[in-house]
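Novice: I'd like to ask you about the structure that follows.
The values are calculated or read from the model by the stated rules, or taken from the named source; none is laboratory data. Computed from a predicted structure; not experimentally measured. Every residue, glycine among them, receives a Cβ derived from its backbone with ideal geometry; neighbour counts consider all protein chains shown. These area figures cover heavy atoms from the full protein model, side chains too; ligands, DNA and RNA do not enter into them. Shrake-Rupley method; radii C 1.70, N 1.55, O 1.52, S 1.80 Å.
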Amino acid sequence: MMKHTFTAIALVTLANLGTTSAFAQAVPDIDDAINRSTSIDESLRGQERTTPRFDGDEDGEIAGEAGIFVLSKNEIFYIGAAVGTGWAENPLRTADDVGDSFYANAAFTAGLQTKIAEAFDFGLAATVSGTEYDAAFAPSSRTLNVSTNLGSPIKGTPLYVGGGIYGGFSYDGNFERGTGFYGANVALSAGGPIGPKTLARASLSAVRSGNEISDNDAWSGNFDIAITQIVAPKVTIGAQTRLSYFVYDDFFEDVTFVERQDWQIGGNVNANWSPLDWLSVSVSAGYQKRDSRFFLSDYDGFETALTIAARKRF
């Protein structure tokens, strides 16, 4: 099944420039923690919109279009959980790349997803998540996040328009040094079959992100493409790529005298097995690279992941 993924975007550690207190950064990386905590919610919503319907044969051909899933009145609420492990080449996401680390993560989410006036998809979710790195230098994190989304297909077209807002708190591995964050996004996407066993989806989105460290407030634009190939009725493989452009409001410009703007590109390949309707197992490997006008924010790195996810509607 196709899953909408978020590209992890890091905040650079500026302490290397000096001892000025203005350079203090949130630890762990807030954007990375946000992306990890919301990924399970996005997976649930994305699955509703893009789960292929099969015609019952053993080859698992797609029957009709990948339409919008209509929830029954007695299945509005859901709970979900995910656990995973992986390896990150550059977990600090910094230009000096001090080393790699294995990690483990877990997330639990609860919320609702339904339709309003038979026209709009509406969702509300709360998520608790955490990531623990094996290396002592890597930024283990704990995150509390609440998000809401609203969207609708554009009648007579393959397009889907939606948006959402989120907010929460990010902590270090000991639930200390909490930092509040918030943001909003709008997106236009299109998806459907491009063959008897292949689904494609493209999305163009804009995001406004902010947090208590106002120097990290930014606008971003993103272009995503994902292709999923059905290899068996319960098994898919896929590839995704994202191109992003970030403009920061005022990233310590009074000290650096540099207006920070970033280009970031990333991609991954993945495989997913869903032995049961409520259970999935996925593996992925991806690469990310960021080029920034502020050179210390440059980074690149590989990351692998194994994730087991479950959900239950009621």
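Novice: Which residues, counting only those in region 86-116, are closer than 16 Å to E132 by Cα and among the hydrophobic types (A, V, I, L, M, F, W, C)?
Specialist: Of everything in region 86-116, those that are closer than 16 Å to E132 by Cα and among the hydrophobic types (A, V, I, L, M, F, W, C) turn out to be W87, A88, L92, F102, A104, A106, A107, F108.
Novice: Kindly check whether there is at least one residue in region 260-267 that is aliphatic (A, V, I, L, M) and surrounded by 15 or more Cβ atoms within 10 Å (Cβ to Cβ).
Specialist: Yes, there is a match, as at least one residue in region 260-267 is aliphatic (A, V, I, L, M) and surrounded by 15 or more Cβ atoms within 10 Å (Cβ to Cβ).
Novice: Looking at region 216-229, is at least one residue open to solvent by 40 Å² or more (accessible area, probe 1.4 Å), more than 16 Å from the chain's Cα centre (by Cα) and closer than 22 Å to F181 by Cβ?
Specialist: As a first pass, look at region 216-229 and keep what is open to solvent by 40 Å² or more (accessible area, probe 1.4 Å): 219, 223, 225, 227, 229.
Imposing the further condition that a residue be more than 16 Å from the chain's Cα centre (by Cα) reduces the set to 219, 227, 229.
Of the ones still in play, those that are also closer than 22 Å to F181 by Cβ are 219.
Yes, region 216-229 contains a residue that is open to solvent by 40 Å² or more (accessible area, probe 1.4 Å), more than 16 Å from the chain's Cα centre (by Cα) and closer than 22 Å to F181 by Cβ.
Novice: In region 243-259, how many are closer than 17 Å to N185 by Cα and open to solvent by 80 Å² or more (accessible area, probe 1.4 Å)?
Specialist: Counting residues in region 243-259 that are closer than 17 Å to N185 by Cα and open to solvent by 80 Å² or more (accessible area, probe 1.4 Å) gives 0.
Novice: Of the residues T228, T256, which is in contact (Cβ under 8 Å) with a residue 12 or more places away in the chain and within 24 Å of V269 (Cα to Cα)?
Specialist: T228
Novice: Considering each of A285, A271, A239 in turn, give the residue that is touching a residue at least 12 places away in the same chain (Cβ under 8 Å) and open to solvent by less than 40 Å² (accessible area, probe 1.4 Å).
Specialist: A271
Novice: Which residues, counting only those in region 244-285, are touching a helix residue (DSSP H, G or I) at 6+ places or on another chain (Cβ under 9 Å) and at positive phi?
Specialist: If the condition is that a residue be touching a helix residue (DSSP H, G or I) at 6+ places or on another chain (Cβ under 9 Å) and at positive phi, then F252 is the only one that fits.
Let's see how each residue does on (1) open to solvent by 50 Å² or more (accessible area, probe 1.4 Å); (2) within 24 Å of V283 (Cβ to Cβ); (3) more than 17 Å from the chain's Cα centre (by Cα):
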| residue | (1), (2), (3) |
| --- | --- |
| F77 | yes, no, yes |
| F102 | yes, yes, yes |
| N105 | no, yes, no |
| L112 | no, no, yes |
| F120 | yes, no, yes |
| L124 | yes, no, no |
| G130 | no, yes, no |
| S140 | no, yes, yes |
| S152 | no, no, yes |
